Amino acid sequence: MDLGSISLVAFFASLMVASTPILLAALGEMVTERAGVLNLGVEGMMIIGAICGFAIAIESGSAAAGFLGAAAGGALLSMLFAILTQFLYATQVPSGLALTLVGVGLASLIGQPYVGESPPLMGKLHIPVFESIPFFGPVMFQHDPIVYLSLILAVLVGVFLKYTRGGLILRAVGENHDAAHALGYKVRLVRVMAIGFGGAMAGLGGAYISLIRVPQWTDGITGGIGWIALAIVVFASWKPERVVFGAYLFGGLTALQLNLQAANIPLLFVLPYLVMLAGVIYFVIAVAVGSWKKTLDVKPTLKTFAQFIGVGLVLLLIGIATNYASSLDLLMLSSAPFVATIVVLVVISARSKGASNGPAMLGKIFQAH
Amino acid sequence: MISLIKRPQPSKTWMVATPVLAVIVTMILGGLLFAAMGKDPFVAIRTIFWDPLFSPDFAAYSRPQLLVKAAPLILIAIGLSLGFKAGIWNIGAEGQYIMGAICGAAIGLAFYPMEAWFIFPLMVIGGALGGFLWGLIPALCKTKFNAPEILVSLMLVYFAEQIMIAVSLGALRNPEGNGFPGSRNLAQYASSANPELIAGTGAHWGVMAAFAAVVAAYVLLSKHMLGFQIRVTGESPRAAGFAGVNSKRLIIFCLGTSGALAGLAGLFEVTGPAGQITTSFNTGYGFTAIIVAFLGRLNPIGIMLAGLLLALTFIGGELAQFMLSLPSASIQVFQGMLLMTLLAMDILVNYKIVWRKKEAV
């Protein structure tokens, strides 16, 4: 066990890398869902992007070409879903599942000749001036171009949805497709484009894993990240800025997991304090914001604070009782992202009190008359 | 021009005809895929669908395998179909299958090396309970907090896989296994074994359970109040509310039952064909069962037939891998395409396609 071996700079830098694929896929899915379409095939589109990107990067010798190919591959696969749901009026949930099944199988089929190969690397893009800021420079401004691209895309998607005519039409289609149709908007065309955008973004996210994060090709390389991206869209209440927050939260968890594993520190040794710290930060922010807006309600705030501290204490006790057993710790480390997703989904769903704030037409079939 | 007219009611004829049509179309598409991979499509399709049953060289080995592979698929798909009918999406059967196997195996291993008649029944109960509790988690997350059961149940698959790896390396590892991961072999321990009951058929206790599940589901759906409630909820949740259906109880029932059946499937697998819990115990039955449920039109008899067909693709796929070195992933693609084709053809069930001269509206 060696706490000192964890460098904060390396930790935060790896956090940004770990968050990028989740952010890309979640942004794409958010746009699709804002148009009223629930595409559960993110995992399949991601892994198709991962292998298309990998194969094209190797064949062409350029990682950038790989990313372009990945976006095209993801978008192409998503068109299968578009045909099923928009032209043949198939139910969206099973269609998305079918897309994942086909995508995972197809990726494994395409990927067979590429097992064990190494892709061409993508150069880092150091941002001049900013890169020499102490601490923040190496953490934020010495990454590959895709990291910046993902954040720029997040801003663009946010601006598009909120301030442009196109964004307004897309949201109208997602909130009430009959009204949008009556106004003369092409509901089906908007949705097909949104599905394609979601596919391209998932493809980019997948290629980021196979070309930069790992970088290698193995079967099932996306390992559930597509599903986590779907959960993040729900967690983010379909808002772009919260998607960024959610993706970075999960990226942080993944980075923490890898760093702790490398430094041989049990998760239960750190987690209780992190949970309690999060409680304190939540309390401070809630009190500050509450008294600023004069909406402070002390009781529920204290209750949430107590819940944080309670969970932290329980984790602490489990750690002490099991004496930080290594088998339990390995299980906790490897399953942390999935358990955290469930916890986050439960918390956010309980908060919204059942009234889902998702697009009103999410998952509903539209047929023009 | 072509235009679609929504049918007032789904066409019963097309309900039955489309799965058959989907299989045929998928065979053609699959043949094209195999041809693109440089294999003779006719030989490949024959190796997958004909040889396991009728080839004199392989049928003796392959035929019993049909029931062995179909049993878990049918058991799981019957459970899933109840929820799917009511619009409750349990897509985490794979996790419930794993947890059933782990819980059942743990009970059996706790008694080792004692020999007694009650050990296997206890394990069966443990397996069902393990799957039931794992299915109950998304159910409670849904009823208490309104968390989407699709995502929660799916996340629990990854969690269950990690638990499976942890127990194969730790708690359930065979102490006489020379340090290799994996539990003791339960099929070789008389009190926990799930042997072939009728020689040469492959029929073990899981096959019996699968048939029992088909009959029970048929009776439930056609004769019982609960079956009626499931159907009403699926067709119109609002009407179900007026009819006094307790939707929370229904969610818990559907997810719990499908969890228990998936757990049973896992238990019968680990005590029979698989023999032990290892780091790679699960083989995707829980996901393939989703295809089985849809291909069987969520109808118990249909599911039985679809289960046999998809079991055949598994066995034929293995044979094709062995004979033609066809990659195993191609069978996965094939199964996924089957679901897609079927969903595409649903348009025939719900819409009437008519030719109509273009005219001013």
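FYI, it's all coordinate maths here, none of it is from the lab. Quantities reported herein were computed from a predicted structural model and do not represent experimental measurements. Using ideal geometry, Cβ is built from the backbone for each residue, glycine included, and neighbour counts are taken over all protein chains shown.
Where in chain A are the helices, taken as whole DSSP H runs, whose Cα atoms extend 27 angstrom or more along the long axis and whose Kyte-Doolittle mean reaches at least 0.5?
A:8-34, A:63-82, A:92-111, A:187-208, A:240-263, A:267-293, A:298-321, A:326-351
What FRET efficiency comes out for the pair B:Ala199/B:Asp57, r = Cβ-Cβ distance, R0 = 25 Å, nearest 0.05?
Plugging the Cβ-Cβ distance into 1/(1 + (r/R0)^6) gives 0.75.
Could you state the principal axis extents of the C-alpha atoms in chain B, from the largest down, to the nearest angstrom?
Rounded to whole Å, the extents work out to 82, 57, 34 Å.
Which of the lysines could be linked to A:Lys293 by a straight reach, that is with a Cα gap under 21 Å, when you skip same-chain ones fewer than 8 residues away?
Once the sequence-local lysines are set aside, what remains near A:Lys293 is A:Lys303.
Run the numbers on chain B and let me know its relative contact order in percent, using alpha-carbon pairs under 8 Å that are six or more apart.
It rounds to 35 percent for chain B.
Report the percentage of all Cα-Cα pairs in the stretch A:1-100 whose separation exceeds 16 Å, rounded to a whole percent.
For the stretch A:1-100, the share of Cα pairs beyond 16 Å comes to 64 percent.
Counting only other chains, what is the mean number of Cβ atoms within 10 angstrom of the Cβ of each residue in peptide A:326-332?
Shielding by partners across A:326-332 averages 4.
Positive end of the dipole of chain B, charges at C-beta (+1 Lys, Arg; -1 Asp, Glu), about the Cα centre: which of B:Gly200, B:Ser222, B:Phe314 has its Cα farthest in that direction?
The listed residue farthest towards the positive side: B:Ser222.
How much length is gained on full extension from A:Leu189 to A:Ile152, taking 0.36 nm per residue of separation minus their Cα-Cα distance?
10.8 nm is the gain from fully extending A:Leu189 to A:Ile152.
Mind giving me the nanometre distance, one decimal, between the label points for A:Val314 and B:Asp40, set 7 Å out from Cα along Cα→Cβ?
Modelled inter-label distance: 6.3 nm.
Using only Cα atoms and rounding to the nearest 10 degrees, what angle (0 to 90) does helix B:119-145 make with the longest principal axis of chain B?
Compared with the principal axis, the helix lies near 50 degrees.
Could you check the spin-label model distance between A:Tyr324 and B:Trp355? Points 7 Å from the Cα along Cα→Cβ, value in nm.
7.8
Any idea how far apart B:Gln188 and A:Leu8 come out in nm if each label point goes 7 Å out from Cα toward Cβ?
If labels sit at B:Gln188 and A:Leu8, their model points lie 5.6 nm apart.
Based on the mean of other Cβ atoms within 10 Å per residue, sort peptides B:28-36, A:297-305, B:60-68 so the most packed one is first.
Ranked by mean Cβ neighbours within 10 Å, highest first: B:60-68, B:28-36, A:297-305.
Determine by what factor the alpha-carbon radius of gyration of chain A differs from 2.2 N^0.38 Å, reporting the quotient.
So chain A has a normalised radius of gyration of 1.04.
Once the Cα gyration tensor of the protein assembly as shown is found, what semi-axes does its equivalent ellipsoid get, as square roots of 5 times the eigenvalues, in whole Å, sorted largest first?
Computed over the protein assembly as shown, the values are 38, 34, 28 Å.
Order these peptides, B:44-56, A:224-236, A:23-35, by their mean beta-carbon neighbour count within 10 angstrom, highest first.
A:23-35, A:224-236, B:44-56
Nearest 0.05, what FRET efficiency do A:Arg165 and B:Lys248 give at R0 = 45 Å with Cβ-Cβ as r?
The formula returns an efficiency of 0.55 here.
Evaluate the relative contact order of chain A (contact order divided by residue number), counting alpha-carbon pairs under 8 angstrom at least 6 apart; express in whole percent.
Relative contact order comes out at 31 percent.
B:Ile315: net charge of surrounding residues, Cβ under 12 Å, Lys/Arg +1, Asp/Glu -1, itself excluded?
Residues near B:Ile315 contribute 0 overall.
Note the count of lysine pairs whose C-alpha atoms are less than 16 angstrom apart in chain B, limited to pairs 8 or more residues apart or on different chains.
6
What does the highest-first list of B:88-95, A:260-267 look like by mean Cβ count within 10 Å?
The packing order, highest mean first, is B:88-95, A:260-267.
Net charge within 14 Å of A:Val187 by Cβ-Cβ distance, Lys/Arg positive one each and Asp/Glu negative one each, not counting A:Val187 itself?
+4
Would you mind checking which residues have amide H under 5 Å from A:His143's amide H? H placed 1.01 Å from N; only 5 or more apart, or other chain.
A:Leu125, A:Ile127
What's the average, rounded to a whole number, of partner chain beta-carbon atoms within 10 Å of each residue's beta-carbon in B:142-154?
That works out to 6 on average.
Averaged across the residues of A:84-95, what count of C-beta atoms belonging to other chains lies within 10 Å of each residue's C-beta?
Counting other chains' Cβ atoms within 10 Å and averaging over A:84-95 gives 5.
Would you please give the residues with an amide H less than 5 Å from that of B:Lys352, counting only those at least 5 places away or on a separate chain, with H modeled from the backbone geometry?
B:Ile5, B:Lys6, B:Arg7
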